[in-house]
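J.: What follows is a structure written as structure tokens; I'll ask about it next.
Rule-based calculations on the coordinates, nothing more; no lab input. The structure presented is a predicted model; accordingly, all values stated were derived computationally and were not measured. Every residue, glycine among them, receives a Cβ derived from its backbone with ideal geometry; neighbour counts consider all protein chains shown.
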Amino acid sequence: MNQEKKNEPKRPFSNSLVLIVMGVILALIVMQNYLETKVARISFNYQLEPLVNLDLIQPDDSRKTAVSGNLVTFSGRFREHLTAIGKERYKYLDLLDTEHELEFEKQQQESQLDVLRKRTEEAASLFLAITGRTLAHGGYTVVDEIFNTPDRINAIIIHEEPKKSFMPLAEISDEMQHANASNVDTLFRNFQFLVRSLRSPLLGIGSEPMKQTLRAVDTNLAKVAGDAASSGQRLAAIDQALPKVQEVCSQLNQEVDHMRLTQLRSVRDYKETLDQLTSTMQKIDENNERLAKARSTVEQVVWFFNNQELSSRALEKQDPEMFHQWFVTAKEEWQNFDMNRGAYFKAPDQPLNKVLERTFKSEELPPNYISYLLSVAPVFLILF
């Protein structure tokens, strides 16, 4: 009995166990290869345009496989280093986007200047009405012609006499020379109105010392404006305040850096915006020089732009806002290159577009060996 047990043959390992072990080993190998492969986050076909335009991926590794209808699965690999071609192309696109931004800033500043010009003209006309100045033959210059450019007239010159709606400062000064009890009340009311016109937002004095002076004058005049005040008190108030008001008007009229009325907010804002426009124009000139040099390096390039093939000349004619949105994607891929260098990418079931059609090599759908192995596994189990 014991001898029979010793001579009994050992049972072989189960065939199914062998297949399971082989499957586990195969899965581990596949998993290891996947974990060791650097994968880039490229999931959509529109992401490919900047990758090809900026020469960020290896052309030989760019492949597509038809799935069904107009859908393809594409794959590729990033380069290990940026190329000289890619750097030239990115520089050109960056300068072109900068040109669009500067042109937009220029348009905004010119529009703002047009608004400020009107405000300045209105304030200057009010100042002339307050002071009673007589216009010279060439008009009253607020902003000198030195600020004109070949493309734009920036000078502000008042050529029309303002309509007289109240007694101006010059006339009040003359009336004070022979003021008497019969005209002092009228003179006082006109002078008080003039002071309040100087303080009004329509004129818009921004100098704090001037505003404090006029505020004090207005307060002193208000003290003698009531019926209780005598004509002599009102006359004395005018006599005391008149030199201060004349000094304020004299300071406003002084020319500073080829401008008058520089203490008015409208003029100050006009000057500030004009300086910004001048700076923008200089930046445009500098950028245009650099863009011209960059343009010479991409004259023969065909760009993939929103599923179109465009020359550099045609690319520059695209809508600036649309171009900027397209460039933002390109800039993002360019900045992410260090993270993606050498990385593999693959995206399934994407619509075929121009960049896929023109630059990705077509391949047949590879056989699915794992599915094939699983399908024949039951046969091996029966046979063995």
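J.: Using a simple charge model, +1 on the beta-carbon of Lys and Arg, -1 on the beta-carbon of Asp and Glu, nothing else, what dipole does the range 97-220 show about its Cα centre, in debye to the nearest 20?
T.: About 840 debye.
J.: While we're here: Using every Cα-Cα pair within the chain, state what percent have a distance larger than 26 Å.
T.: Result: 71 percent of Cα pairs exceed 26 Å.
J.: Lysines within cross-link reach of LYS317: Cα-Cα under 28 Å, excluding same-chain residues under 8 positions apart?
T.: Within the straight-line cut-off, LYS317 pairs with LYS87, LYS91, LYS106, LYS283, LYS293, LYS331, LYS354.
J.: Under the 0.36 nm per residue contour assumption, what length would be gained going from the current alpha-carbon distance of ALA236 and SER182 to full extension?
T.: Contour length minus the Cα-Cα distance gives 17.9 nm.
J.: In which sequence would LYS361, LYS331 go, from the one with the fewest C-beta neighbours within 10 Å to the one with the most?
T.: Going from sparsest to densest Cβ surroundings: LYS361, LYS331.
J.: I want the local charge near SER296. Using Cβ-Cβ distances under 15 Å, sum +1 for each Lys or Arg and -1 for each Asp or Glu among the other residues.
T.: Around SER296, the surrounding residues sum to +3.
J.: Ok, one more. As I understand it, the value is the acute angle between the Cα axis of helix 15-36 and the longest principal axis of the Cα atoms of the chain; what does it come to in degrees, rounded to 10?
T.: Once rounded, one gets 30 degrees.
J.: Once you place label points 7 Å from the Cα toward the Cβ at VAL67 and LYS223, how far apart are they in nm?
T.: In this crude spin-label approximation the distance works out to 8.8 nm.
J.: Can you give the Kirkwood hydrodynamic radius for the range 106-277, in Å, rounded to one decimal and based on Cα pairs?
T.: Radius from the Kirkwood sum: 17.3 Å.
J.: What value in Å³ per residue do you get for the convex hull of the alpha-carbon atoms in the range 67-172?
T.: 234
J.: Using Cβ contacts closer than 10 Å as the measure, can you line up LEU352, LEU214 from fewest to most?
T.: Final ranking by Cβ density, sparse to dense: LEU352, LEU214.
J.: Helix 184-198 versus the longest principal axis of the chain: what angle, 0 to 90°, nearest 10, using Cα atoms?
T.: Helix 184-198 sits roughly 20 degrees off the main axis of the chain.
J.: Tell me, what is the percent relative contact order of the chain, built from C-alpha pairs under 8 Å that lie six or more residues apart?
T.: 33
J.: When we measure straight from the Cα of LYS64, which aspartates and glutamates land under 16 angstrom away, once same-chain ones fewer than 8 places off are left out?
T.: Excluding near neighbours in sequence, the set is GLU49, ASP349, GLU357, GLU363, GLU364.
J.: Could you please report the charge total around THR120, scoring K, R as +1 and D, E as -1 over all other residues with beta-carbon less than 10 angstrom from its beta-carbon?
T.: Once positives and negatives cancel, what remains is +3.
J.: Then there's this: Specify the angular offset, from 0 to 90 degrees and rounded to the nearest 10, of the alpha carbon long axis of helix 369-383 from the longest principal axis of the alpha carbons in the chain.
T.: Result, in degrees: 30.
J.: If you don't mind, another one. If I take R0 = 25 Å and measure r between the Cβ atoms of GLU101 and VAL302 in this structure, what FRET efficiency does the formula 1/(1 + (r/R0)^6) give, to the nearest 0.05?
T.: Efficiency, from the Cβ-Cβ distance: 0.50.
J.: Report the gain in length on full extension from ASN336 to LYS211: 0.36 nm times residue separation, minus Cα-Cα distance, nm rounded to one decimal.
T.: Stretched fully, the ASN336-LYS211 segment lengthens by 39.4 nm.
J.: As I understand it, the dipole of the chain uses +1 on the Cβ of Lys and Arg and -1 on the Cβ of Asp and Glu, about the Cα centre. Which of LEU203, LEU274, PHE166 lies farthest toward its positive end?
T.: It is LEU274.
J.: Give me the net charge for the shell around VAL143: Cβ to Cβ below 11 angstrom, other residues only, Lys and Arg +1, Asp and Glu -1.
T.: -2
J.: For LYS163, go through the lysines and keep the ones whose alpha-carbon is under 24 Å away, minus same-chain ones fewer than eight residues off.
T.: Leaving aside lysines fewer than 8 places away in the same chain, those within reach of LYS163 are LYS118.
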